[in-house]
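Visitor: My questions will all concern the structure given below.
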Amino acid sequence: MKNTQANPKGIYTISNRLGDQANRAVQASEDRPNSLTSGHRACQGCGEALGARIVVDAALRAAKGQIIVVNATGCLEVFSTPYPETAWQTAWVHSLFGNAPAVATGVAAAMEVKGRGNVRVLAQGGDGSTTDIGFGCLSGMFERNDDVLYVCYDNQAYMNTGVQRSSATPPTARTATTPPVGSEPGNVFGTGKNVPLIAMAHQIPYVATATVADVQDLEAKVFKAMSMRGARYLHVLVPCPLGWGSPPRETINLARLAVQCGLFPLFEAENGTVTRATKIRQPVPVENYLKPQRRFAHLFKGGKPVDDRLARMQEMADANISRFNLLGHEETCK
Amino acid sequence: MLKQVEGSHAVAEAVALCRPEVICAYPITPQTHIVEGLGELVKAGHIKDCKYINVESEFAALSVAIGSSAAGARSYTATSSQGLLFMAEAVYNASGLGLPIVMTLGNRAIGAPLNIWNDHSDAMSLRDAGWIQLFAENNQEAIDLHIQAFRIAEDISCPVMVCVDGFILTHAVEQVDVPDQKQVDAYLPAFVPAVVLDPKAPASVGALVGPEAFTEVRYLDHKKQLRAFDAIDRASTAFKSVFGREAGGFIRSYHTKDAETVIVAMGSVIGTLKDMIDEKRKQGHKIGLVSICTFRPFPTAEVGAALKDAKHVIVLEKSLASGQGGVLAAHVRAGLHEAIPLTTLIAGLGGRPIPKNALSEFVEKIGIPSSDELHFLDLKQDIVDGELKKTEEERNARLRNGAARGR
């Protein structure tokens with residue numbers, strides 16, 4: 001019987017220290033690589049810092065330590081490498097905001113030419129660099145099927161510059177450039193870009209979405225991506241306490257609620273076809289996810305929705321649930 | 001080996017002889033034939049262990065080269081004009097990271113209005129981006145400068161832009177001496193990067209630097225440019241001993257010894273100027289030429305010394321800083337004794353031919369002026385005057401119209 005789940009262990013906990021070593025996440029293992037080490041300057045509760053550590057640690061494990069990381073400009077770059085310090089314990093390069101995929105292509109080309117194909121290349125950036133300014137380079141890297149794993153840490157706005165709207169900002173969200181005023185407060189409906197689906201349209205070997213709420217699942221997707229060659233794309237939802245207006249302790253919970261309400265579907269696709277979507281274990285209304293975040297506070301008054309915008313958000317979630325068939329029981333074994 | 005080839009192909013062959021490991025290609029006129037030539041050489045197996053990547057933009061072209069160079073591969077790309085501007089952010093980044101990338105710039109005007117023909121506006125627009133900029137006089141020098149460029153770049157970990165006049169050189173078929181592989185191998189050692197991305201010795205490259213250290217970083221960039229003088233000197237001296245001919249260096253003087261009027265210029269127009277000077281010399285005119293091969297770092301002292309006995313300096317240049325005047329002229333002025341008048345002659349913009357006769361007439365007419373002047377060769381004054389008049393009339397009409405409508 002082959003286990004087809006991305007999270008084969010079916011557990012959310014990262015340590016599971018009562019279980020055997022084989023069930024432990026890389027994050028819980030005694031020899032965790034700790035690629036993004038302590039002392040960096042991320043905010044308390046930063047989802048991106050967490051996501052990057054989980055992803056790069058897993059990639060390092062998968063590649064037996066032979067990793068070069070290419071980082072786009074953004075929070076992750078700024079908080080990890082203020083000269084003369086660096087929090088990275090792996091070969092790491094930052095060039096510009098919009099060129100990380102192209103730089104990664106160059107690194108991979110160099111490794112190929114030098115006969116060092118065992119050295120793997122991981123590029124990473126936030127949603128601004130991925131879905132907006134670096135999108136041309138990302139599409140080029142996908143189209144050429146360059147041997148790069150690109151990871152987008154999506155916190156749904158330009159957080160490093162002070163919470164401005166990106167093409168990954170959801171409708172109604174308050175940002176500094178989509179203030180909650182006027183006839184359609186916050187970010188407007190009918191806009192935005194779904195980069196995982198666009199990545200699939202490039203027919204690249206592997207596309208997956210994940211969040212920082214399920215470490216086992218995220219790590220499993222990194223391992224799967226690292227078992228393949230060519231262009232691979234991982235889109236990780238990483239809540240941002242600053243931009244989302246949420247308590248730092250809620251980061252993991254919000255990432256989980258985003259999945260459970262259907263607004264952020266977890267799925268995998270190979271060569272342009274969805275191969276698996278993770279069933280929602282405990283479905284919740286979008287209200288449960290939106291209410292704890294101040295960026296959506298204007299949707300409610302006295303705890304009640306002020307207009308139909310909450311219902312429209314629910315429609316978006318329902319459309320995802322239907323499109324990816326997210327309800328029902330997981331078919332764990334085939 | 002002597003060959004009769006197009007300039008672009010000559011450059012492609014020269015780059016191939018330098019054993020590049022990563023070549024990033026994106027088409028833009030007039031540089032395109034260079035990357036086409038290289039693509040064929042790689043695909044046919046004439047360049048071994050080289051990855052040729054067709055990218056989606058010039059921004060990506062240089063970004064890929066940044067990645068491959070940072071990972072220790074000898075990296076090359078080529079562009080022109082709008083392409084250079086589209087990659088401008090990466091141009092600064094490559095030098096800031098100290099990556100010895102070599103890039104050919106097939107010099108071309110910048111729009112609007114759209115214009116695909118030759119001038120030096122593109123190179124001048126990024127003159128302060130921390131790259132070494134070399135200008136080729138002819139296709140032989142285009143070959144020779146590319147071979148030197150890799151050596152200079154890797155010597156001091158600084159990117160080098162080799163400027164080759166679009167069409168005039170890139171598309172001209174000339175006889176050139178293409179060196180053999182043994183010679184180039186003897187001249188150009190294997191690339192040993194100063195800093196390299198390697199999991200075996202993890203380094204963080206490209207940190208955030210705040211006000212506490214940024215001035216020092218920029219100061220060191222300036223020092224590196226000054227050190228480049230030595231590297232350029234070493235490269236051209238060694239070049240002569242290996243290949244037996246002169247190429248590169250900072251400047252070259254032609255009949256300047258007794259010259260009263262000295263013309264300063266760079267790029268392919270040097271050939272026309274030499275012909276003009278030869279003719280004028282025969283007629284008894286004391287005229288000479290200083291050609292600039294290295295524009296960045298700018299050899300201010302050398303230029304000043306070469307011009308110290310002149311009575312009048314004419315800087316002929318294919319670029320214009322709107323609202324200011326000549327770019328090269330401002331550089332030359334900095335090294336020139338204040339008592340020597342300098343005439344800026346803007347010529348060849350957007351591919352306008354620079355005929356020998358027009359130059360000769362200009363030199364004749366201007367004589368030795370008493371102060372600095374700015375001129376445009378062959379400017380069609382009637383068209384300009386008509387346009388100025390029309391613009392003024394339209395502006396007045398617009399203002400009257402606006403005033404009549406109120407708010």
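Visitor: Could you give P(r) for the stretch B:257-376, binned at 10 Å from zero, as whole percent values over all Cα-Cα pairs?
Guide: Going from the shortest bin to the longest, the percentages are 14, 51, 33, 3.
Visitor: If you place +1 on the Cβ of every Lys and Arg, -1 on the Cβ of every Asp and Glu, and leave all else neutral, what size is the dipole of the stretch B:2-243 about its Cα centre, to the nearest 20 Debye?
Guide: Here the size comes out at about 480 debye.
Visitor: Just going by the charge dipole of the stretch B:2-243, with Lys and Arg at +1 and Asp and Glu at -1 on Cβ, which of B:ALA129, B:TYR219, B:GLY206 is farthest out on the positive end?
Guide: B:GLY206
Visitor: What distance in nm lies between label points placed 7 Å from Cα along the C-beta direction at B:GLN181 and B:LYS380?
Guide: Distance between the two pseudo-spin positions: 5.2 nm.
Visitor: Using the eigenvalues of the Cα gyration tensor, what equivalent ellipsoid semi-axes result for the stretch B:161-312 when each is taken as the square root of five times the eigenvalue, whole Å, largest first?
Guide: 37, 23, 14
Visitor: Would you look at the GNM of chain B, springs on alpha carbons closer than 10 Å, and say which of B:GLN225, B:GLN148, B:GLN183 moves the most?
Guide: Fluctuation is largest for B:GLN183.
Visitor: Can you list the equivalent-ellipsoid semi-axes of the stretch A:172-254, largest first and in whole Å, using the square root of 5 times each Cα gyration tensor eigenvalue?
Guide: 30, 19, 7
Visitor: Okay, moving on. Taking the Cα centre of the stretch B:2-243 as the origin and placing charges on Cβ (Lys, Arg +1; Asp, Glu -1), which of B:ALA61, B:ALA44, B:ALA190 is farthest toward the positive end of the dipole?
Guide: Sorting the options by dipole projection puts first B:ALA190.
Visitor: Continuing with the same structure: Please list the equivalent ellipsoid semi-axes of the protein assembly as shown, computed as the square roots of five times the alpha-carbon gyration tensor eigenvalues, in descending order and whole angstrom.
Guide: So the equivalent ellipsoid measures 56, 31, 21 Å along its semi-axes.
Visitor: Moving on to the next point. In chain B, what percentage of the DSSP-assigned beta bridges are antiparallel, given to the nearest 5?
Guide: Looking only at bridges with both residues in chain B, the antiparallel portion is about 25 percent.
Visitor: Sorted by accessible area with a 1.4 angstrom probe, largest first, how do B:TYR254, A:TYR206 fall?
Guide: From most accessible down to least: B:TYR254, A:TYR206.
Visitor: Identify, among B:LEU97, B:TYR76, B:ALA305, the residue whose Cα sits farthest towards the positive end of the charge dipole of the protein assembly as shown, taking +1 on the Cβ of Lys and Arg and -1 on the Cβ of Asp and Glu, with the dipole about the Cα centre.
Guide: Sorting the options by dipole projection puts first B:LEU97.
Visitor: Pop the C-beta distance of B:ARG281 and B:GLU338 into the FRET formula with R0 = 41 Å and round what comes out to the nearest 0.05.
Guide: Efficiency for this residue pair is about 0.90.
Visitor: At a probe size of 1.4 Å, how large is the accessible area of B:LYS224, to the nearest 10 Å²?
Guide: 40 Å²
Visitor: Once the stretch B:89-239 is represented by equal point scatterers at the alpha-carbon sites, with solvent omitted, what log10 I(q)/I(0) does the Debye formula produce at q = 0.09, 0.21 Å⁻¹?
Guide: Here the Debye-derived log intensity ratios amount to -0.34, -1.36.
Visitor: I've got another one for you. With a 1.4 Å probe and every protein chain left in place, tell me how much accessible area B:MET1 has, in Å² to the nearest 10.
Guide: 140 Å²
Visitor: Would you tell me the mean number of C-beta atoms belonging to other protein chains that fall within 10 Å of each C-beta in B:47-54, as a whole number?
Guide: That average works out to 3.
Visitor: Applying 1/(1 + (r/R0)^6) with R0 = 25 Å to the Cβ-Cβ distance of B:ALA358 and B:LEU114, what FRET efficiency is obtained, to the nearest 0.05?
Guide: E(calc), rounded to 0.05, equals 0.50.
Visitor: Order these peptides, B:115-125, A:158-168, by their mean beta-carbon neighbour count within 10 angstrom, highest first.
Guide: Going from most to least packed, we get B:115-125, A:158-168.
Visitor: Return one whole number: the accessible area per residue of the protein assembly as shown in Å², for a 1.4 Å probe.
Guide: 41 Å²
Visitor: Another one. Packing-wise, with mean Cβ within 10 Å as the measure, how do B:133-144, B:365-376 rank, highest first?
Guide: In decreasing order of mean packing, B:133-144, B:365-376 become B:133-144, B:365-376.
Visitor: Something else now. Taking the stretch B:139-226 on its own, what percent of its Cα-Cα pair distances exceed 19 Å?
Guide: 61 percent
Visitor: Sticking with this structure for a sec: Kindly provide the Kirkwood hydrodynamic radius of the stretch A:14-323 in Å, to one decimal, from all pairs of distinct alpha carbon atoms.
Guide: Taking every pair of different Cα atoms in the stretch A:14-323, averaging 1/r and inverting gives 19.6 Å.
Visitor: Quote the Stokes-Einstein diffusion coefficient, in whole µm² s⁻¹, for chain B, based on the Kirkwood radius over alpha carbon pairs, a temperature of 20 °C and a viscosity of 1.002 mPa s.
Guide: Stokes-Einstein gives a translational diffusion coefficient of 96 µm²/s.
Visitor: Can you report the principal axis dimensions of the stretch A:141-186 using only the alpha carbons, biggest first, rounded to whole angstrom?
Guide: On the principal axes, the stretch A:141-186 reaches 46, 20, 11 Å in Cα extent.
Visitor: Let me ask something additional. Which entries in the list A:LYS114/B:LYS182; A:LYS64/B:LYS224; B:LYS308/B:LYS365; B:LYS182/B:LYS286; A:LYS193/A:LYS224 go over 32 Å, if you measure between the two C-alpha atoms of each?
Guide: In this structure, A:LYS64/B:LYS224; B:LYS182/B:LYS286 exceed 32 Å between Cα atoms.
Visitor: Across peptide A:63-72, what mean number of C-beta atoms from other chains lies inside 10 Å of a residue's C-beta?
Guide: Average neighbour count from other chains, rounded to a whole number: 3.
Visitor: B:HIS222 accessible area, nearest 10 Å², 1.4 Å probe?
Guide: 100 Å²
Visitor: Other chains' Cβ within 10 Å of A:108-120 residues: what's the mean?
Guide: 6
Visitor: Of all the stretches in chain A, which is the longest one without any exposed loop site, taking GluC sites (Glu not before Pro) in a DSSP loop (any state but H, G, I, E, B) with at most 11 other Cβ atoms within 10 Å?
Guide: It runs A:31-330.
Visitor: Related question: How large is the translational diffusion coefficient of the stretch A:61-114 in µm² per second when you combine the Kirkwood radius over alpha carbon pairs with Stokes-Einstein at 10 °C and 1.306 mPa s?
Guide: Taking Rh from Cα pairs, D becomes 131 µm²/s.
The values are calculated or read from the model by the stated rules, or taken from the named source; none is laboratory data. Source: prediction; values computed, not measured. Quick reminder, even Gly has a Cβ in these numbers, built from the backbone with ideal geometry, and neighbours come from all protein chains shown. Accessible surface is based on the protein model in full, side chains and every heavy atom, while ligands, DNA and RNA are left aside. Shrake-Rupley method; radii C 1.70, N 1.55, O 1.52, S 1.80 Å.
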